[in-house]
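This report concerns only the one structure given below.
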Ligand code: F6P
């Protein structure tokens, strides 16, 4: 892609876009700007009118993307081809919600049967818990579930849980469970969870594809000791979600229920599998989870079928390529103007940065430039009062705003300054997109704003399960399209391994010290030795 004529044409366009005539404050005054630079499908509006591009740029981008074969790769992915070559795996997260749609059927029909079997198991299990047919050791109904897992085995589920929870007013169904998330190995996290649950009415759901992740295994050990201390049987209170054949898929350690994560669904793309299905069905009922899946499937179908000029995640991926590879922005922010979407940015951060933060292409050849960029974010308006100073006057970065037309909570409509809270939220959202684009001249340089800072705005109508599904699937599709365009593998994550290996060496040294056994290995380097001593002494000398 990088050494093509089209890419050189894009560079020429960038020079043009960097001239004053193409400042965003001029571009957004064009009468057809929004019509020409926005896309709409039922339930999802994508406005990229405030991106620093024009028709010539989008035409070149579309042609460039056509050359990369990214859409063909997406179709191969949805058909179950092994699009993850380094791990020799398919990437079939779309199949987990494709049961509604014949168009998304993978080549191997057995996969759909397996998915449907797990889905049926989730439905039966969650109904059993809700009706009280399945109870804990002391025959009490479950009220809470703690999800023990990290990274892709947790972030997506937490995002969807928080989003859907916002519509539950005044109170959730008494049958449904409250979820808690135990991801970090930090013992303070475990202590916090214990203060919120009743041991007799708590289910512990261990989510780990590999069932070797040290943080999750350490937390599982805490849970097992906790259950033992309260004379509760693991086979009444533990649920596992793991890959077939993993150390956790072990009938000699009986659990209340176990569900499979499939090797053809990567962790960060797994929220629509049992990883999200079990907890979200316990929290909201299986039917709600199914509605969420149908929202995902709608975006999947759109990503697969819509022509490039109308394809929302494809266009978003192209804009990302333009911003990172050509305009040289090194970061991007995700700013939902909705507290219910407060966990969207951490989820997208993993999906995007773990998928695209690569140094080599699919053939192992080093890339000429960065793939992907830093993703960060916070809900607005909070973000305005923390890091937006830099967004307006520091180094520029593209922002993706998300607006929700109807909030989850529609009570309490007291007006302040003549507007409701939700209108105030939107006033700020609209103002921020304007301020970033237009800027302001001022005689005092400290009070002037250069503007010309790109943003997009995604609008969803509400926080129904369907809308949340559309949003989740949009970010997944956008990420894999961008990976395919860059010719990298968006499904592996070897970059996380070195830290794990080094932690393992350090752990060994700690364990030897705990056991009072002399080290058989190399002595730690002086810096490592300093921190080990500080940790064991509980002070810095
Ligand atoms: O360390 C990164 C990672 O492997 C993620 O890709 C994954 O989602 C997470 O750890 C958890 O892995 P597991 O589900 O195997 O515990």
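Here is a yes/no grid of residues against (1) within 16 Å of the ligand (Cβ to nearest atom); (2) touching a helix residue (DSSP H, G or I) at 6+ places or on another chain (Cβ under 7 Å); (3) within 11 Å of residue 283 (Cβ to Cβ):
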residue: 124; (1), (2), (3): no, no, no
residue: 130; (1), (2), (3): no, no, yes
residue: 136; (1), (2), (3): no, yes, no
residue: 142; (1), (2), (3): no, yes, no
residue: 147; (1), (2), (3): yes, yes, yes
residue: 150; (1), (2), (3): yes, yes, no
residue: 157; (1), (2), (3): yes, yes, yes
residue: 161; (1), (2), (3): no, yes, yes
residue: 166; (1), (2), (3): no, yes, no
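Inspect the stretch 51-67 for any residue being assigned to a loop (DSSP other than H, G, I, E, B), modelled with pLDDT of 95 or more and in contact with a strand residue (DSSP E or B) (Cβ under 7 Å, 6 or more places away or on another chain) and give the result as yes or no.
The answer is yes, given that some residue of the stretch 51-67 is assigned to a loop (DSSP other than H, G, I, E, B), modelled with pLDDT of 95 or more and in contact with a strand residue (DSSP E or B) (Cβ under 7 Å, 6 or more places away or on another chain).
Taking the condition under 26 Å from the mean Cα position of the chain (by Cα) and within 16 Å of the ligand (Cβ to nearest atom), does residue 187 pass?
no
Could you tell me whether the stretch 125-146 includes any residue that is in contact with a strand residue (DSSP E or B) (Cβ under 8 Å, 6 or more places away or on another chain), assigned to a strand (DSSP E or B) and under 16 Å from residue 240 (Cβ atoms)?
Yes, the stretch 125-146 contains a residue that is in contact with a strand residue (DSSP E or B) (Cβ under 8 Å, 6 or more places away or on another chain), assigned to a strand (DSSP E or B) and under 16 Å from residue 240 (Cβ atoms).
Identify the residue in the stretch 250-261 that is modelled with pLDDT of 95 or more and assigned to a loop (DSSP other than H, G, I, E, B) and, among all such residues, is nearest to the ligand (Cβ to nearest atom).
Among residues in the stretch 250-261 that are modelled with pLDDT of 95 or more and assigned to a loop (DSSP other than H, G, I, E, B), the one nearest to the ligand (Cβ to nearest atom) is 255.
When only residues in the stretch 408-441 that are closer than 22 Å to residue 387 by Cα and not in a helix (DSSP H, G or I) count, which is nearest to the chain's Cα centre (by Cα)?
439
Only one of (1) in a helix (DSSP H, G or I); (2) under 23 Å from residue 89 (Cα atoms); (3) within 16 Å of the ligand (Cβ to nearest atom) is not met by residue 293, so which one is it?
(3)
Restrict the check to the stretch 234-241 and report whether at least one residue is within 16 Å of the ligand (Cβ to nearest atom), surrounded by fewer than 22 Cβ atoms within 10 Å (Cβ to Cβ) and in contact (Cβ under 8 Å) with a residue 60 or more places away in the chain.
Taking every residue of the stretch 234-241 in turn, none turns out to be within 16 Å of the ligand (Cβ to nearest atom), surrounded by fewer than 22 Cβ atoms within 10 Å (Cβ to Cβ) and in contact (Cβ under 8 Å) with a residue 60 or more places away in the chain.
Find the residue count for the stretch 211-233, including only residues that are near the ligand (Cβ under 9 Å from one of its atoms), part of a loop (DSSP other than H, G, I, E, B) and touching a helix residue (DSSP H, G or I) at 6+ places or on another chain (Cβ under 9 Å).
Matching residues across the stretch 211-233 total 2.
The values are calculated or read from the model by the stated rules, or taken from the named source; none is laboratory data. Since the model is a prediction, treat every value here as computed from it, not as a measurement. Every residue, glycine among them, receives a Cβ derived from its backbone with ideal geometry; neighbour counts consider all protein chains shown.
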